[in-house]
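Engineer: Can you keep this structure in mind? I'll have questions shortly.
The values are calculated or read from the model by the stated rules, or taken from the named source; none is laboratory data. Just so you know, these numbers come straight off a predicted model, no measurement behind them. A quick note on method: Cβ atoms are made from the backbone with ideal geometry, for glycine too, and the neighbour counts reach across all protein chains shown. Heavy atoms of the whole protein, side chains included, go into the accessibility calculation; ligands, DNA and RNA do not. Shrake-Rupley method; radii C 1.70, N 1.55, O 1.52, S 1.80 Å.
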Amino acid sequence: MLGDVDLGSALRTLALFTATAVAEIVGCYLPWLWLKKNGSVWLLLPAAASLALFVWLLTLHPQASGRVYAAYGGVYVSVAILWLWAVDAIKPAPADWIGMGLCLAGMAVIMFGPRSV
């Protein structure tokens, strides 16, 4: 049970985590293109900007940083699987979808579960 969770707040948190994950993935993907696919060195500039955006987005959460980082991991995994499908054109396997569901469930428990303190 996740207690009294405001649906709007939960959706905003999920949207913020998703934007954060996209910023991190783009920030890592562009240098990968440069190093592995002979992309332009200029890809490093938007990569750095994207990683700076990623860090800034993490600061927007009102929860304790450790809880935010832990819960963010679940969303990151899910966005990475969707990136695999959308960008790398590799269809996720059933186990990928199950893993995504487990990660998102874990994120929800960490972020919205009842607190004794």
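Engineer: Counting heavy atoms of the protein chains only and a 1.4 Å probe, report the per residue accessible area for the chain as a whole number of Å².
Structural biologist: On the way: 7280 Å² over 117 residues.
Value for the chain: 62 Å² per residue.
Engineer: So what's the angle, to the nearest 10 degrees on a 0 to 90 scale, between helix 94-112 and the longest Cα principal axis of the chain?
Structural biologist: 50 degrees
Engineer: Now for a separate question. Any chance you could list P(r) for the chain, counting all Cα-Cα pairs in 10 angstrom bins from zero, rounded to whole %?
Structural biologist: For the chain, the pair-distance distribution reads 13, 38, 32, 14, 3, 0.
Engineer: By average Cβ neighbour count within 10 Å, what is the ranking of 47-53, 77-83 from highest down? Could you put the intermediate results ahead of the total?
Structural biologist: Values: 47-53: 15.7, 77-83: 18.1.
So the order, starting with the most tightly packed, is 77-83, 47-53.
Engineer: Which value, in debye to the nearest 20, describes the size of the charge dipole of the chain about its Cα centre when Lys and Arg Cβ atoms bear +1, Asp and Glu Cβ atoms bear -1, and nothing else is charged? Could the numbers behind the result be given before it?
Structural biologist: Working: 6 positive and 5 negative charges, 36 e Å.
Magnitude of the dipole: close to 180 debye.
Engineer: Here's another thing I want to ask about it. Binned at 10 Å from 0, what are the whole-percent values of the Cα-Cα distance distribution for the stretch 52-91, short to long?
Structural biologist: 27, 41, 25, 6
Engineer: Based on DSSP H runs of at least 4 residues, each adding -39500 (n - 2.57), what is the mean residue ellipticity at 222 nm of the chain after dividing by all its residues, to the nearest 500 deg cm²/dmol? If you can, show how the numbers build up before the last one.
Structural biologist: Numbers: 4 runs with 86 residues, N = 117.
Computed ellipticity for the chain at 222 nm equals -25500 deg cm²/dmol.
Engineer: How much length would be gained if the chain were fully extended between SER65 and LEU7, taking 0.36 nm per residue of separation minus their Cα-Cα distance, in nm to one decimal?
Structural biologist: Contour length minus Cα-Cα distance gives 18.7 nm.
Engineer: Let me ask something additional. So who's got an amide H within less than 5 Å of the one on GLY39, skipping anything under 5 residues away but keeping other chains? H placed 1.01 Å off N, in plane.
Structural biologist: Correct list: TRP34.
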